[in-house]
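The values are calculated or read from the model by the stated rules, or taken from the named source; none is laboratory data. Model, not experiment: these values are computed from the prediction. Heads up, the Cβs are rebuilt from the backbone with ideal geometry, glycines too, and the neighbour counts pull from every protein chain shown. Surface areas here come from the heavy atoms of the whole protein model, side chains and all, with no ligands, DNA or RNA. Shrake-Rupley method; radii C 1.70, N 1.55, O 1.52, S 1.80 Å.
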Amino acid sequence: MKQQCTIAYIRKSTDTEDKQVRSLEDQEKLVKEFYAGFSEEERDYALKIMPEAHSAYRPGRPVFDEIMKTVDARQVHRIIVLDPTRLSRNMEDAGKIIQRLADGVLTDIVTVTGSKRYNREDTSQLFMLMLESGMGWKDSADKGARVKVTMREKAKEGGTTGPAPIGYRNVGEVRGKRWMEPDPNTAPMVRRLFVLAATGAYSLEALTVEAKALGLKTHPTKRHPNGLSVQRTTMHHIIRNPAYKGMKIYQDEEYPGKHTPLIQSSLWSRVQLELANRCTHSN
């Protein structure tokens, strides 16, 4: 076997329509089948599969950067990807790849879908690789802009734009719109904590102890199916969250929500005043 290797870079898809087709498992299977069709001489460059779950929209992917270091060390013969957008969806990373191809540091990049081959012998193909990366970036940027507009409009309408805060629960989704309602088990606990915070006699640490005594926990997750005890940081987020007075916040702007407030606005304001007083006294 030769000292250099063939790297198969497989990246988890974030495209809704491709999420099932381009899972890491499916990509690995396709790559192995593709590699098995290589000539015996090409298979002398052992296959090394390197998966990554980061978005390629911005630079800074750990696995991709590791591959670039390995390429610079002259330990990589070629890279296999499903298509160019798996490799890069930003100009900086695309430039890194193309420059190494142009300099001959990397022999070639081969795609499984369409079996395209990019190398220094075909400048037109290298140019197309940069264009395809740019198109991938534009696609991601446009999708991101549409999502932001949708989220802002949903917030303005008072809809839920994320997981319900502690004390509430998400109860459904209709035509892409979610809503939340007070959780009968935890809502009374949250109200109690706001009442205590408004007295000015409870520090965040004392409120955290009280929350533990009440049995208040975070929402269950796959990793923590029973939830976690509320810590100081979470407590600070709870008593600062305007959702409890019936508001929704998105990108630092508040909008009237459609959910039921857990506390009155006057109580929420008193709690904020006490928080401000504590900060002033601590300086």
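Summary of values
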read-out: The listed residue being open to solvent by less than 40 Å² (accessible area, probe 1.4 Å) and modelled with pLDDT under 85, out of 114, 162, 104; value: 162
read-out: Odd one out for residue 12, checked against (1) in contact with a helix residue (DSSP H, G or I) (Cβ under 7 Å, 6 or more places away or on another chain); (2) under 14 Å from residue 89 (Cβ atoms); (3) at pLDDT 90 or above; value: (3)
read-out: Qualifying position, being among the charged types (D, E, K, R) and loosely packed, with under 13 Cβ neighbours inside 10 Å, among 132, 121; value: 121
read-out: Residue satisfying condition, being without any contact (Cβ under 8 Å) to a residue 60 or more places away in the chain and closer than 15 Å to residue 11 by Cα, within set 130, 135, 50, 91; value: 50
read-out: Residue among 67, 109 that is under 15 Å from residue 7 (Cβ atoms), open to solvent by less than 60 Å² (accessible area, probe 1.4 Å) and without any contact (Cβ under 8 Å) to a residue 40 or more places away in the chain; value: 109
read-out: Unique residue being modelled with pLDDT under 85 and either in contact with a strand residue (DSSP E or B) (Cβ under 7 Å, 6 or more places away or on another chain) or of a type in the set (Lys, Arg) (or both) when the list is 143, 96; value: 143
